[in-house]
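Supplied in structure tokens, the structure appears directly below.
The values are calculated or read from the model by the stated rules, or taken from the named source; none is laboratory data. These figures come from a predicted structure and were not determined experimentally. Quick reminder, even Gly has a Cβ in these numbers, built from the backbone with ideal geometry, and neighbours come from all protein chains shown.
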Amino acid sequence: MNSRSSSYSISELGKDFGLSRSTLLYYDRIGILTPSRRGANGYRRYDQRDHQRLQRICRYRELGLSLGDIQAALNSGKRPSVKVLEQRLKEVETQMIQLEKHRRLLVGMLRRFRSNGDATKVDKDLWVEMLRVAGMDEEAMSRWHVEFEKRAPKGHASFLESLGINASEITKIRKWSRAGGREGAVEE
């Protein structure tokens, strides 16, 4: 970052931090970073304190803190609260768990595609696994089937066939879906 002068134009400040002019204008509008002064021409001028403040803003943004949390911390003259940091850590850990699920799914898909030699084949197990990774539980998958059958019955049947499901199981799934996914709706 540049420390060439004690006064920065909006363009110079943006360049130092890799931020656009519109981002800095937005920061000014919400009050998180206002210029120290304005030149005779009305242009924004930032001093070394502004430069340092923006450096802190950027550091906190890299951690994923919201602008509101950053502004509260900067305005209080303190670092973000432990509570804010703990919440952000919790969010990051949740994202990491999701990413690990996605990674495992991709590894499994690649393994299947490589072993079968057919990268276009998606079977029932793989489809269910993808839905689970996407966060769907049994109840959500049931609603998905019910809605698919209601909106596009032929498409639902074709999709189930494409997963390699046998005809009798497809009949049961479709009958169960038409009954709204109720337990016991497909008793034989």
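Check LEU105, LEU54 and return the single one that is surrounded by 12 or more Cβ atoms within 10 Å (Cβ to Cβ), assigned to a helix (DSSP H, G or I) and either acidic (Asp, Glu) or modelled with pLDDT of 80 or more (or both). Let's see the steps before the verdict.
Numbers: LEU105 fails: either acidic (Asp, Glu) or modelled with pLDDT of 80 or more (or both).
Selected residue: LEU54, the only one of LEU105, LEU54 that is surrounded by 12 or more Cβ atoms within 10 Å (Cβ to Cβ), assigned to a helix (DSSP H, G or I) and either acidic (Asp, Glu) or modelled with pLDDT of 80 or more (or both).
So which residues in the range 128-158 are farther than 30 Å from THR94 by Cβ and within 28 Å of the chain's Cα centre (by Cα)?
Scanning the range 128-158 gives no hits.
Are any residues in the range 149-172 part of a helix (DSSP H, G or I) and closer than 29 Å to GLU100 by Cβ, and if so, which ones?
Going through the range 149-172, the residues part of a helix (DSSP H, G or I) turn out to be 149-151, 153-162, 167-172.
Residues satisfying the conditions are PHE159, SER162.
If we keep just the residues of the range 57-96 that are among the hydroxyl-bearing types (Ser, Thr, Tyr) and surrounded by 12 or more Cβ atoms within 10 Å (Cβ to Cβ), which is nearest to SER7 (Cα to Cα)?
Taking the range 57-96 as the starting set, the residues that turn out to be among the hydroxyl-bearing types (Ser, Thr, Tyr) are 60, 66, 76, 81, 94.
After this cut, where a residue has to be surrounded by 12 or more Cβ atoms within 10 Å (Cβ to Cβ) as well, the list is 60, 66, 81.
On the way: TYR60: 23, SER66: 28, SER81: 31 Å.
So the residue we want is TYR60.
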